[in-house]
């Protein structure tokens, strides 16, 4: 039976819009996926940004008004990558139009916006909605996730999850919307990067009960369009020390780091989990390498604590034609995220790892609110239920 075709419209022709379009072009690399996907439409308020999509042969619609995509019955799913302050309006419009939606983080500029989006989902259940977070779809990340799920680590001692880059290390870099609260939100870097670092912890059931935060605004001004410095009023770096309680009585610290100024890191996603019986570590800085910790018997030495390293192959959530021994990259992780999203939309994901749910995205805002309060009070703050 021929798989049904899903037509995708992209709103926001910037970096991620182009990345998505390129990744979807490789859809035939997926083996036995229940749908076929193609990008057929793109929208951006800047007409010049649309020209790049002329090289995507399936794109037949280019527009500067996103309402054109939402009113087009041929478009099944929209991906929306716009400023955070525009999320609420555009996401709710897409949901009410009955479109499937892969939304960008932070799923609304703040908790109130996220609550309004969730209400729209409840009122329009025909719209299948998830939030974009591609890093956990690297094969090495999936290996770590599967190891954690297996229980091989035993009782957890601690977990650290991070998203780190250094794009703002250049102090002469001009101001943009991500560095202004009015457009990015009070949570700053947490809004921008936090969901990436919280996707796996929340999916594992590691829901923080309380937060103690260290938030830094390291560069308080940046050059404006005319070269004159203007206020840069968002947090650049955030380190959250959280307290996790599991139903079986386990309790452990989960450290969540999101940094725009992390010297030496270009765009690094990491997770490290240590238990009484083992540990795992993965970083996209070395995308093939997965590290596992164990206590082993070494000949002539005896019992030793050892970090062992192995290479992950190309296979992630959905099988591909790529040989298992080959390497995987960022575009592959995007393709895997979309494969998971559209399979789940079709009701055929099974027990495979999936995209961020609206409820999980909502929970990140509760965590950010607690972190903001902790920053002000310099105390541990309970995460709202």
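A short reminder: the numbers here are calculations on the coordinates, not readings from a lab. Here the structure is a predicted model, which is why all the values come from computation and not from measurement. Every residue, glycine among them, receives a Cβ derived from its backbone with ideal geometry; neighbour counts consider all protein chains shown.
The listed peptides 302-308, 57-63, ordered by packing as a protection proxy, come out as 57-63, 302-308 (highest mean of other Cβ atoms within 10 Å first).
Annotation: peptides 325-332, 293-300, ranked by per-residue average of other Cβ atoms within 10 Å with the highest first, follow the order 325-332, 293-300. Its residue count N sets the reference 2.2 N^0.38 Å, and the alpha-carbon radius of gyration of the stretch 239-313 equals 1.39 times that reference. Dividing the radius of gyration of the alpha carbons in the stretch 173-279 by their Kirkwood radius gives 1.07 for Rg/Rh. Counting every other Cβ atom within 10 Å of each residue's Cβ, 266, 285, 178 order from fewest to most as 266, 285, 178. Largest mean-square fluctuation among 354, 151, 185, in a Gaussian network model of the chain whose springs join Cα atoms under 10 Å apart, belongs to 151. Considering only DSSP beta bridges where both residues belong to the chain, give the percentage that are antiparallel (nearest 5). Roughly 65 percent of the DSSP beta bridges within the chain come out antiparallel.
Annotation for the stretch 223-298 versus the stretch 26-45: alpha-carbon center distance of 31 Å.
Volume per residue for the chain equals 158 cubic angstrom (convex hull of Cα atoms). As a rough guide to protection, the peptides 65-73, 358-366 ranked by mean Cβ packing within 10 Å, highest first, stand as 358-366, 65-73. Convert 20 °C to kelvin, take the viscosity as 1.002 mPa s, use the Kirkwood radius over C-alpha pairs of the stretch 5-131 as Rh, and evaluate the Stokes-Einstein diffusion coefficient in µm²/s, rounded to a whole number. Translational D for this selection: 146 µm²/s. Using alpha carbon centroids, what distance separates the stretch 142-195 and the stretch 315-370, in Å? Value for the Cα centre distance between the two parts: 17 Å.
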